[in-house]
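We did not get these values from a lab; they are worked out from the coordinates using the rules stated. Since we're looking at a predicted model, the values are computed, not measured. Every residue, glycine as well, gets a Cβ built from its backbone with ideal geometry; the counts of neighbours run over all protein chains shown.
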Amino acid sequence: MNAHTASLINAITLISMGVWGYFGSMTPSPTALIPVFVGVILMVLNNGIKYDNKVIAHIAVVLTFIILIALSKILFKRIDDGNTMAIVRVGLMVVTSLFAMVMFMKSFRDARIARQARENN
């Protein structure tokens, strides 16, 4: 799997789980839509990631990292609350964000190795 596919999966997960969390709540909070907005932005950026646009890829990495940190904090709160469905939703968003980060790092490392190989030849 490559970085743009992992980022697309992450974007879809952020959007779907965020919408579910918002509309599935008895007292919806607008902050529950933050992952939805980040997911939409990541989806818009996905074509640039696919075609190796460095600036767009770095913007996507920063957004993914920020949402990963924010969701991790929320996950611990949901674990303390004992809300199983919220734990599943937020946990899934954390896992896909973490996976996307790993794939971005792998992609950046592979690009650096390829660039160094070209420079040495």
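Okay, here's what the table says:
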item	result
Qualifying lysines (Cα of each under 27 Å from Cα of residue 54; at least 8 residues distant if same chain)	106
Residue among 103, 85, 26 with the largest mean-square fluctuation in a Gaussian network model of the chain, springs linking Cα atoms under 10 Å	26
Pair residue 12, residue 80: separation of 7 Å Cα→Cβ label points (nm)	3.4 nm
Nearest 10 degrees, 0 to 90: helix 3-23 Cα axis against the chain principal axis	10 degrees
Helix 34-50 vs. the chain, principal-axis angle (Cα, 0 to 90°, nearest 10)	20 degrees
Residue with peak Gaussian network fluctuation, the chain [Cα springs, cutoff 10 Å], from 60, 111, 100	111
Area projected by the alpha carbon convex hull of region 56-121, averaged over all directions, nm²	4.7 nm²
For residue 2, distant residues with modelled amide H under 5 Å away	none
Region 87-101-region 1-64 distance, computed between alpha-carbon centres (Å)	11 Å
Residue among 31, 64, 13 with the largest mean-square fluctuation in a Gaussian network model of the chain, springs linking Cα atoms under 10 Å	31
All-pairs Cα distance distribution in the chain, expressed in whole percent, bin size 5 Å	2, 12, 21, 22, 15, 11, 8, 4, 3, 2, 1, 0, 0
Stretch gain in nm, segment residue 117-residue 50, where the contour uses 0.36 nm per residue and the Cα spacing is subtracted	21.9 nm
